[in-house]
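J.: One structure, as structure tokens, below. Some questions next.
The values are calculated or read from the model by the stated rules, or taken from the named source; none is laboratory data. Computed from a prediction, not measured in an experiment: that's the story for all the values here. Note: ideal-geometry Cβ built from the backbone for every residue, glycine included; neighbour counts use all protein chains shown. Side chains included, ligands, DNA and RNA excluded: accessible areas come from the protein's heavy atoms. Shrake-Rupley method; radii C 1.70, N 1.55, O 1.52, S 1.80 Å.
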Amino acid sequence: MSTDSMYRLLVTIAVILGSIIYGFFINSLARRITARVQNRMGPPLKQPFIDVIKLYSKRTFVTHGIMQTLGPILMLTGIISTLILIPYGKGYLTLYSSNGDLITILYIMTFGQLAMALAVGQAGNPYGTIGVARGLTRMFGYELPLILALISLIALNHSADVNVIIANQHGGIANWNAFRHPFVGITALLAMLGMMSYQPFDNASAPAEVASGPITEFGGKFMAIMMTTNAMFVVAKLALLVDLFFGGASNIFILALKIFLLYLYPLFVGLVFPRFAMEDTFLFFWKWPTLIGFIGLAIAIF
Amino acid sequence: MKTTKLYLGPQHPGITGNMMIELDVEGNKILKSKTHVGYLHRGFEKLMERRTYIQSFPIVCRICVPEPDVNENNYARAVEKLSGLEVPERAKWIRTMVLEMARLQSYLLWMGGQSGSMGLYTMPQWTIGDRDYLLDRFEELTGGRVYHLYVWPGGVRKDLPIGFKTRMLDLMDYLESRMKDYTKLMFENAIFKKRAIGTGVIPKDKALEWGVVGPVLRGTGIKHDVRIDEPYEIYDKLEFEVPTYEGGDIYSRALVRKFEFMQSISIIRQIMDKIPEGPIYNRIPNPFKWKIPKGYTYVKLESSRGEFGYFMASDGSEKLRRVNVRGPAYVHGISLLEKILPGSRLGDVSTILNSLGVCPPEMER
Amino acid sequence: MDDLKRPTLDSDFTCDMAFNKITKWAQKNSLWLLAYGTGCGAIELSPTMTSRYDWSRLGIRGSATPRQADLLLITGYLSTKTLKRVIRSYEQMQDPKYVIGFGSCTINGGMYYDSYNTIKQLDLYIPVDVYINGCMPRPEAVLSGLAYLKDKIGDKKADGWIKYKQNFEWYRENQKKILKSFNGDNMPDKYNW
Ligand code: SF4
């Protein structure tokens, strides 16, 4: 193995570990912020780490079949493959992003969730099944505007390569895609609300309706894997959005800052809104965001 | 489409306590619902037959946990009616104040539950935190946070503490100012409205026939309130009105409750303003030898969830012969729920349950 | 209570309790509690978890299903019908798990000492790690009970779940005395399923 690919591998591993830690960190910051809005102290910053260590140290390991055991692991694989296809900066920090383009990323992103759906199906809990159905419906909803926004981007840049799209945004805030192409930016931001599963779009795991939704039957170590995966997934999604719409980042710290700022937006929306009913979720995404997305696409093409 | 059987509860975060709803769902639609009870049955009515009149007091307040004072008040008034005991004027005013405070705290709890069931988690954190200030006043007055054992046959146990009036009025100002925030966050919230309007509708022409009471009944547009229709304590000396909203859905119920919340604040202000001086209780005979003449009676009052009645019969001994508690939750939680749930969405079960004010411990006693 | 065999420190037991420092610290500081309000005590939990007392700063939070929960709070009286659900919920939880008996009803029947439908002493049916007394314990009492449980976990003394495993037959026997139609109701006879 050449030193170059060696370095790239090391950086990749560092990014994967870093994304776990950073994912947990913004999660706990979010919990603190939520707590302040709600007039209280909130958990300490290390709480997610404690939770995960505790879950890994659980003694019993109840499983209902091979697929349930495999599901979380497949999900982890899916997320790691997504993670390494996204550029996090320049040089080695582009990881393996030159090996795949936007379409690949989108495709691989859904892989983990489908694996999860299979696992939940085997666990046999009705609330889990309903939760998965809701999750997939929501995905179906927000993917349309998201894909419209991404197609517009591809059309504007004449390339589906994330690195090219980042390079085209050089030169100040005004050049960021979110501001240069406001319709596309708005569509993406609205679709992002659905991606982050805060209220109003957290139907899949609404406690008052379907207990904990898909994860109802998953405890202990499964849950720990899922929490880790989620932390990585949040970072991956946000990094992708930052790359595509907010000018990417020249170094990892600016990227971290941008990710955090972007994360605040669904968080604050979620704090002041109850959740939509299931049908409304779907209708919401297929109405205004889609319309704006089409306008953006029209402007992009003509 | 396949019909699935879902058991909502007893261990389920969306249920307002320890009960179970068995649902037949098809997709997202409910076809049939059935309430299962019995998880909280303690046999109150039997236990009370074994205790003297005064010994029953600690038990009655446990009948409805979110709102214990209505039970104490009802029970005390029933005992007074049976034994012909007089209540001093000042005690009546204090009792009314306690009832209104109970209403306020119960509505704060309801606001938290209603919005929490829709996923608006900021709201319960605010309202239940604010409810604690009311519990502080309760503690100052009675010594207990949730269960007070404050109302007594023949009066109340203790007089108002020194400075209670100012602290109470300050609290009322605080709650009134908080209501602005609540209105913005909950009652005027676009998504709250979207989910609440047109959900869980009770038709106006069926409401009386189905035995609906309280804010739920007023939400269908029928004016009915025990405080006005058959005034007890000193409600005839106070100024207030009964709000009604047409629609019969969750939103109109919410508006009724919001209106009554503000009204309770104004009632407490009136009481603080006009409360007369005087003794607060009439002595009762030795409670262990207190024989109450033979007879029976029915007393009722308007709790925050609706008409709450006690039927009591005595046989001339130290102990009660028979008591029957008629609470609103029994009707709302069992027969009404089974009528209005079919046809609604699975996600709305918990919301409807909260808006009806179903309180399982009171259903089963 | 005399016939309750105390867990002995055999190899099995030490193996179960041999947590290292880090896991012990994590288990102590992250307690997820099963959202199951079994009795009237549940009403004081809402102030404890919301803004005024806020137990999340102690690392406690609710969890919707038994699979993810560590802590079962029995909030007060248990009717026999609920006892069955409690046993099922408890057995579905994953080790290590803890139980807090909340209110005098769980200790000796409290004010329903003569009721025909409630159980009087909780630890005949499931092992209890900490009792919080009071007829409705105040939020401060709840928090102090939770803090006590944390200390117990830290000292490796919260061994209720091992006790349950090792004295399983004894507990089952007691449960069957109260729940007459135990197996007829699809209650599993084996532990942890
Ligand atoms: S101890 Fe008191 S408050 Fe707790 S459940 Fe029993 S009666 Fe209710």
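J.: So if I take the centroid of the Cα atoms in the range B:254-268 and the same for the range B:114-143, what is the distance between those two points in Å?
T.: 16 Å
J.: In nm, give the distance between the simple-model label positions of B:Trp290 and C:Asp155, each being 7 Å from the Cα along the Cα-to-Cβ direction.
T.: Placing both labels 7 Å beyond Cα along the Cβ direction yields 4.6 nm.
J.: Could you check the spin-label model distance between B:Lys184 and B:Glu49? Points 7 Å from the Cα along Cα→Cβ, value in nm.
T.: Roughly 5.7 nm, to one decimal.
J.: So how much accessible area does B:Leu8 have, in Å² to the nearest 10, using a 1.4 Å probe?
T.: 0 Å²
J.: Still on this structure, I have one more. Residues of the range B:182-219 with the amide nitrogen closer than 14 Å to a label point 7 Å from the Cα of B:Val242, along Cα-to-Cβ, please.
T.: Counting backbone N atoms under 14 Å from the label point, the list is B:208, B:212-219.
J.: Any idea what the dipole of the range B:1-118 comes to, in debye rounded to 20, about its Cα centre with Lys/Arg Cβ at +1 and Asp/Glu Cβ at -1?
T.: Details: 16 positive and 12 negative charges, 58 e Å.
It comes to approximately 280 debye.
J.: Right, next: Could you give the dipole magnitude of chain B about its Cα centre, charging the beta-carbon of Lys and Arg +1 and that of Asp and Glu -1, in debye to the nearest 20? If you can, show how the numbers build up before the last one.
T.: Numbers: 53 positive and 45 negative charges, 177 e Å.
Charge dipole of chain B: 840 debye, to the nearest 20.
J.: Okay, next question. In whole Å, how far is the Cα centre of the range C:54-123 from that of the range A:77-96?
T.: Their Cα centres are 47 Å away from one another.
J.: What share of all Cα pairs of the range C:33-76, in percent, falls into each consecutive 10 Å distance bin?
T.: 29, 57, 14
J.: Identify all aspartates and glutamates with a Cα-Cα distance to C:Lys81 below 13 Å; exclude those on the same chain that are fewer than 8 residues away in sequence.
T.: B:Glu364, C:Asp185
J.: As a quick test, which of the pairs C:Lys152/C:Lys177; B:Lys92/B:Lys291; B:Lys180/B:Lys258 have an alpha carbon distance above 19 angstrom in this structure?
T.: The answer is C:Lys152/C:Lys177; B:Lys92/B:Lys291.
J.: Using a basic spin-label model with each label point 7 Å from the Cα along Cα→Cβ, how many nm lie between C:Ser181 and A:Leu10?
T.: 6.9 nm
J.: Which sequence of B:Lys339, C:Lys97, C:Lys163, A:Lys90 reflects their accessible areas, 1.4 Å probe, from the largest down?
T.: From most accessible down to least: A:Lys90, B:Lys339, C:Lys163, C:Lys97.
J.: For chain B, take the longest principal axis of its alpha carbons; what is the angle in degrees between that and the long axis of helix B:250-274, to the nearest 10 within 0 to 90?
T.: 20 degrees
J.: Would you mind checking the pairs A:Lys221/C:Lys24; B:Lys223/B:Lys294; C:Lys97/C:Lys156; B:Lys2/B:Lys34; B:Lys194/B:Lys339 and listing those with alpha carbons more than 24 angstrom apart?
T.: B:Lys223/B:Lys294
J.: Same structure again: Check which residues have an amide H placed less than 5 Å from B:Arg321's amide H, if you skip close sequence neighbours.
T.: Those qualifying (amide H under 5 Å, at least 5 residues apart or on another chain) are B:Ala313, B:Ser314, B:Asp315.
J.: What is the set of long-range amide H partners of B:Met20 at a cut-off below 5 Å, with H atoms built 1.01 Å from backbone N?
T.: Those lying under 5 Å, H to H, from B:Met20 are B:His36.
J.: Per residue, what volume in Å³ does the Cα convex hull of chain A take up? List each step's numbers first, then the result.
T.: On the way: hull volume 41.5 nm³, N = 302.
Given the Cα convex hull of chain A, per-residue volume reads 137 Å³.
J.: Projected onto the charge dipole of the protein assembly as shown (+1 at Lys/Arg Cβ, -1 at Asp/Glu Cβ, origin at the Cα centre), which of B:Thr199, B:Gln55, A:Asn125 gives the Cα projection farthest towards the positive end?
T.: Checking the options against the dipole of the protein assembly as shown, the answer is B:Gln55.
J.: If I take R0 = 41 Å and measure r between the Cβ atoms of B:Lys223 and C:Ala147 in this structure, what FRET efficiency does the formula 1/(1 + (r/R0)^6) give, to the nearest 0.05? Show your work: numbers first, answer last.
T.: Details: r = 51 Å, r/R0 = 1.25.
Calculated value: 0.20.
J.: What chymotrypsin sites (Phe, Trp or Tyr not before Pro) in the range C:82-138 are in a loop by DSSP, with at most 12 other Cβ atoms within 10 Å of the Cβ?
T.: Values: sites: C:Tyr90, C:Tyr98, C:Phe102, C:Tyr112, C:Tyr113, C:Tyr116, C:Tyr125, C:Tyr131; in loops: C:Tyr113, C:Tyr116, C:Tyr125.
Hits after loop and neighbour filter: C:Tyr113, C:Tyr116.
J.: Can you compute the charge dipole magnitude of the protein assembly as shown about its Cα centre, using +1 on each Lys and Arg Cβ and -1 on each Asp and Glu Cβ, nothing else charged? Give it in debye, rounded to the nearest 20. Please list the in-between numbers first.
T.: Values: 98 positive and 77 negative charges, 195 e Å.
I would put it at about 940 debye.
J.: Checking the cross-link filter: which aspartates and glutamates have an alpha carbon closer than 12 Å to that of C:Lys165, excluding same-chain neighbours under 8 positions apart?
T.: Partners found: C:Asp12, C:Asp16, C:Glu91, C:Asp95.
J.: Over all distinct Cα pairs, what is the inverse of the mean 1/r for the range B:225-365, reported as the Kirkwood hydrodynamic radius in Å?
T.: The Cα-based Kirkwood calculation yields 18.4 Å.
J.: Using the Cα centre of the protein assembly as shown as origin and beta-carbon charges of +1 (Lys, Arg) and -1 (Asp, Glu), tell me which of A:Pro44, A:Tyr92, A:Thr34 is placed farthest towards the positive end of the dipole.
T.: My answer, from the dipole projection, is A:Pro44.
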